[in-house]
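First up is the structure itself, then whatever we jot down about it.
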Amino acid sequence: MIVFRSVCKTYKLGLLKKTTLAVDDLSISIPTGSVFGLVGPNGAGKSTTIRMLLNLIRPDRGEVLIDDSSVSDGSFLRDVGYLPENPYLYDHLTLRELLQFAGRSCGLSATVIAQRTQELTEQTGIAHALKRRLRTFSKGMRQRAGLCFALLHDPSLVILDEPMSGLDPLGRKMVCDLILDLKQQGKTVFFCSHILSDTERLCDQIAILHQGRLVHEFDSDDLAEFRSGERCLEDEFVAAVGQDTVQKEMPS
Ligand SMILES: Nc1ncnc2c1ncn2[C@@H]1O[C@H](COP(=O)(O)OP(=O)(O)OP(=O)(O)O)[C@@H](O)[C@H]1O
Ligand SMILES: [Mg+2]
């Protein structure tokens, strides 16, 4: 179980230390083995929430727990796969070298690394590029490589910051299939996304974050209504964060 308990995070920026309240009193519980989707406008605090879950940054107040242990003890990290918002890959390596590096860092054997590399690069559609250096990859190929990197060690908690970002429609479908696969294997998936249609299809639980605050939570009953077409996440999103914000987010 992942638990955020009254979590707040502020950033201080510039010489004048201007304060931004990025996450404001967030409390949420996510059962093990479920798929959780965090949505919200740009700047809502989604990536900040993910970084606190990974203990990359610390909350100012409140606590983040995984299975009753604070994330600050770091012990959970071995079993976590993380795709950051803008995955940094070692550009001078080939894709195969990157995945060998990832596998060795986790103590996997050469056989397991080779097997997982084959499976994941086929599943993400980049097996043809194993010998290519990462600096020659397109944006979508980098995203796919980032996914392979995150999943190589078969983690039981998978945290994905905008996994569909930069992907073509087939790539988006691939990510959806991958998340459903992970769910079937009993893994816990925590992701944030701007693609509401995919999010409502994939998740067991969804939360809308707006200006750092959790403004709406949807459980399995709500999600059943989304899937049957009785309700729609996009309408609920507009109602929760306001028409003004949505219009501001639209590309001009
Ligand atoms: N390192 C930082 N220093 C200062 N302010 C930051 C920092 N990171 C994020 N912020 C601010 O915190 C708020 C939340 O940012 P965050 O990146 O968590 O949003 P987000 O929901 O992930 O947005 P997006 O959809 O654009 O990725 C924003 O106001 C942002 O400007
Ligand atoms: Mg973000």
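The values are calculated or read from the model by the stated rules, or taken from the named source; none is laboratory data. All values reported here derive from a predicted model rather than from experimental measurement. Note that we place each Cβ from the backbone using ideal geometry, even for glycine, and neighbour counts take in every protein chain shown.
Have a look at ARG231, ARG227, ARG201, ARG213 and point out the one that is modelled with pLDDT under 95 and closer than 30 Å to CYS8 by Cα. So that I can check it myself, show each step before the final result.
Values: ARG231 fails: closer than 30 Å to CYS8 by Cα; ARG227 fails: closer than 30 Å to CYS8 by Cα; ARG213 fails: modelled with pLDDT under 95.
Within the list ARG231, ARG227, ARG201, ARG213, the selection yields ARG201.
Could you say whether any residue in the stretch 6-22 is at pLDDT 95 or above and away from ligand 1 (no atom under 16 Å from the Cβ)? Checking the stretch 6-22: at least one residue is at pLDDT 95 or above and away from ligand 1 (no atom under 16 Å from the Cβ).
Would you confirm, using the coordinates I've provided, whether ILE159 is touching a helix residue (DSSP H, G or I) at 6+ places or on another chain (Cβ under 9 Å), more than 16 Å from ligand 1 (Cβ to nearest atom) and of a type in the set (Val, Ile, Thr)?
Numbers: touching a helix residue (DSSP H, G or I) at 6+ places or on another chain (Cβ under 9 Å): yes; more than 16 Å from ligand 1 (Cβ to nearest atom): no; of a type in the set (Val, Ile, Thr): yes.
Here the answer is no, as ILE159 does not meet what is asked.
In this structure, is PHE76 surrounded by 14 or more Cβ atoms within 10 Å (Cβ to Cβ), among the aromatic types (Phe, Trp, Tyr) and more than 23 Å from ARG144 (Cα to Cα)? Taking the combined requirement at face value, the residue satisfies it.
When the residues of the stretch 214-235 are filtered to those that are crowded, with 16+ Cβ neighbours inside 10 Å and within 30 Å of THR19 (Cα to Cα), the one that is farthest from ligand 1 (Cβ to nearest atom) is HIS216.
If the condition is being away from ligand 2 (no atom under 16 Å from the Cβ), buried (at least 21 other Cβ atoms within 10 Å of the Cβ) and in a helix (DSSP H, G or I), then the stretch 183-212 contributes GLU200, LEU202. Counting only strands (runs of 3 or more DSSP E) that fall entirely inside the stretch 32-97 and contain at least 2 residues that are away from ligand 2 (no atom under 16 Å from the Cβ), the qualifying elements are 61-66, 80-83.
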